[in-house]
1. Sequence-distant or interchain residues sharing an amide H contact under 5 Å with residue A:163, placed H: which?
2. What list of ³J(HN,Hα) values in whole Hz, one per residue of segment A:115-129 in order, does the Karplus curve 6.51 cos²θ - 1.76 cosθ + 1.60 (θ = phi - 60°) give from phi, with Gly and Pro shown as x?
3. Provide a whole-number value for the mean count of partner chain Cβ atoms within 10 Å of the Cβ atoms in peptide B:157-167.
4. Out of A:49, A:157, A:121, any idea which swings most in a Gaussian network model of chain A, alpha carbons joined below 10 Å?
5. Once both labels are modelled 7 Å past Cα along the beta-carbon direction, what's the residue B:92-residue A:181 spacing in nm?
6. What is the distance in Å between the Cα centroid of segment B:138-158 and that of segment B:1-62?
7. In a GNM of chain B with a 10 Å cut-off on Cα contacts, which of B:52, B:86, B:141 has the highest mean-square fluctuation?
8. Label residue A:36 and residue B:141 with points 7 Å out from Cα along Cα→Cβ: what is the distance between them in nm?
Amino acid sequence: MSWLAVAVALLFAIVLVLSLLVFALARQVGVLHERISPVGALAMNQRLEVGDDAPIVAATELDGTPLMVGEPSAASRSTLLFFLSPTCPVCKTLLPVLKSISSREAGWLDLVLASDGEGHEAFVAEYGLGAHCYVLSRDLGLLYGVGKLPYAVLIDERGRIASFGLVNSREHLESLFEAKERGAGSIQDFLARDQGSGSA
Amino acid sequence: MVLHDPIVNASAVALLCAILIGAALHKALDWMAFRETLRSYRIVPDAAVGFMALIVIAIEFSVVALLVLPGTRSLGAGATSLLLLMYSAAIAINLARGRTEIDCGCSWGGSGHGISAWLLLRNAALLPFAWLAGTLENPRMLGLGEIGLVAAAATCFFVLYQAADRLIANAPGLRSLRRSG
């Protein structure tokens, strides 16, 4: 092999390694961005406080059945109130996650999907939500202080607000359960408390 | 011309095939997310989204087949350019509408990053490769060393493409950090 061929082979090897390094660095930057951004559901709400009694709202399901949202459950079950809209793309990407959570946690959790406006029958049919409780109420969103979608509120078995927040991913949804288990309103709360006790 | 050497041609073909296969697999594997992405672009009517999503994936795989077969390579190169221009047009239309928050649907793992003018630049950077894939003078069988060269060149470009894609995906995160910081 001539020295030229050796040089080309060597340079290619170097360029390839450098390219891989650049790619790895770019990925790491991306992971860091994800870590820095709120790890849990972003808890922003003007009306709700963790530990408060959940506002009780009379709503109707799609088929006309009345439902009292926020009432303490007789069977000591918690409720995950998920606010969504047929026109919100992120909500749709969370639907499979919601379905899996609702079947996994069926022992203690009821899932209530909440929305308002029109065009829900086709939406429910298309995404196979017929088996879930789907209520329409304008007051529900107002009373629970929902500003942005998709939004979720976890109400515990005694009818109190356990956690809430803007949810964009499975992790955000899981963080609501985590927050309930640890008795903190949100992961941000929990971290702040943890840091507080750590530095004391 | 050295640009039309079979080594360059084969490298460009290998690069485009890798990118197209990656794109098509990504769409096919995360089918639900791709449908939502397509819907959020608001280019096709809602009723046709499912059908169009299938067509897009089928087109991407077919273009790979056209590129790989020597007889249809220039056709495949033309189709690749057309596909890139169509994607760019869809992105440009939504940029013009000011809908930068929609998922670009262009990277692995459903990162959900928005669309930006960088994506247009990225697609434009691939057009010369499509041109190289479509032009070939004095075809010949490649030797073992030359095949190694093609593989090395295509791998380098592919990894750099992925790195650029990653950096474009990171950009919104960086912007929001700058804003909040």
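What follows draws every value from the coordinates through simple rules; no lab data is involved. Because the structure is a prediction, the values reported are computed rather than measured. Cβ sites come from the backbone with ideal geometry, for glycine too, and all protein chains shown count toward neighbours.
1. A:154
2. Taking θ as phi minus 60°, the curve returns 7, 8, x, 10, x, 7, 4, 5, 4, 4, 5, 5, 9, x, 9 Hz for segment A:115-129.
3. Working: counts 1, 2, 10, 7, 2, 6, 9, 3, 2, 9, 7.
Shielding by partners across B:157-167 averages 5.
4. A:121
5. Distance between label points: 5.1 nm.
6. 24
7. Answer for the Gaussian network model of chain B: B:141.
8. Rounded to a tenth, the inter-label distance reads 5.6 nm.
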